[in-house]
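**Q** Sharing a structure with you now.
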Amino acid sequence: MKPCSVIAVCVVLAVGAVGRAQCASSRDVTIEAARAEATAFTKSLPDYAAYRITIRFSGTRVRTLPGVLDNPNLNLSEIVWNRLNTVAADLVVVAGKEVYSNVKVDNQPAKSPAVTGSWSTGEFSGMLDGLFAKNSAALFSNQRRETIGKRPVLRYRFAVDHAHSQWVINGKTGSWATAYTGDVWIDRETGKTLRIEMSARELPNSVSLEAIESSVEYSFVQIAGREYVLPIHTVVVSCETGGVTCVKNDTLYRNYDKFDATSSISFQ
């Protein structure tokens with residue numbers, strides 16, 4: 001299965017609840033429905049195109065606030081962000097593989113988004129595969145009823161250990177699969193995942209990153225007259241070890257359309 005990855009460049013610069021909490025067993029019908037939807041996700045999709053816009057930020061954590069450096073969960077309100085640049089690119093997903101073209105950084109042509117700074121991939125199927133694959137041995141708990149927009153969802157807490165993780169962090173000196181925890185919101189009607197938030201755990205010292213967090217929002221979109229659930233917004237945040245410097249990629253996907261050999265993928 002394709003891993004979700006965070007590409008690190010320069011100082012390894014990437015990457016109201018209702019109801020009573022209850023434990024979700026491995027036989028939970030909602031989890032099993034989400035697992036089936038994740039398995040069918042890539043198989044059910046045609047080859048498609050989209051337009052990706054990523055705004056990159058650098059941030060400084062406020063060291064004087066208690067618990068900022070010691071808390072494994074980043075408090076994003078304690079980070080002062082400054083915009084670095086904006087990357088725009090045409091995206092084609094063919095047989096589950098992401099291909100980028102017409103890349104521009106602040107409207108200037110660039111060869112590849114990955115070599116121009118921080119970049120993330122795997123938002124389309126990597127996160128879903130990695131979380132819901134049975135060999136991920138993910139533990140789901142704390143089921144709660146919530147809504148996203150007007151859609152009823154079930155929210156679960158989850159954990160995946162290092163030995164079973166497919167979340168791969170790519171740094172300048174190598175790649176590592178990291179343990180992670182987070183929350184997932186599953187549509188009660190369809191079993192489709194509408195949101196994932198995850199935080200890396202047990203990062204090795206060699207990664208030079210103290211914290212990595214990622215979130216993906218999915219929504220119902222039309223492609224060639226059919227409805228699919230695809231990412232519309234992602235955020236990836238990473239903070240370096242022992243310092244106050246962080247990086248954030250805030251990404252929007254729009255203009256989804258079917259792609260074939262005769263398609264043009266320029267959305268400009």
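Nothing in this text is a laboratory measurement; each read-out follows from the coordinates by a stated rule. This one's a predicted model, so the numbers in the text were calculated from it and none came from an experiment. Every residue, glycine as well, gets a Cβ built from its backbone with ideal geometry; the counts of neighbours run over all protein chains shown.
**Q** Can you spot the aspartates and glutamates whose alpha carbon is less than 12 Å from residue 97's alpha carbon? Ignore those fewer than 8 places along the same chain.
**A** By straight Cα distance, residue 97 reaches 47, 123.
**Q** Of all trypsin sites (Lys or Arg not before Pro) in the range 189-266, which ones are in loop regions per DSSP and have a Cβ with at most 16 other Cβ atoms within 10 Å? Write down the numbers at each step before the final one.
**A** Details: sites: 192, 195, 201, 226, 248, 254, 258; in loops: 192.
Counting only loop positions with at most 16 other Cβ atoms within 10 Å, none of the trypsin sites (Lys or Arg not before Pro) in the range 189-266 qualifies.
**Q** Next up: Starting with the fewest neighbours, write out 181, 86 ranked by other beta-carbon atoms found within 10 Å of each beta-carbon.
**A** Going from least to most buried by this count: 86, 181.
**Q** While we're here: Need the list of aspartates and glutamates near residue 248 for cross-linking: C-alpha distance under 13 angstrom, and skip anything on the same chain fewer than eight residues off.
**A** Once the sequence-local aspartates and glutamates are set aside, what remains near residue 248 is 213, 240.
**Q** Can you compute 3J(HN,Hα) from phi for each residue in the range 211-217, using the Karplus curve 6.51 cos²θ - 1.76 cosθ + 1.60 with θ = phi - 60°, rounded to whole Hz and x for Gly and Pro?
**A** Per residue, the Karplus-derived 3J(HN,Hα) values read 8, 9, 10, 9, 9, 9, 9 Hz.
**Q** What ratio of Cα Rg to 2.2 N^0.38 Å holds for the range 138-268?
**A** Taking the Cα Rg and dividing by 2.2 N^0.38 Å, one obtains 1.25.
**Q** Kindly put 165, 136, 141 in sequence by how many other C-beta atoms sit within 10 Å of each C-beta, fewest to most.
**A** 141, 136, 165
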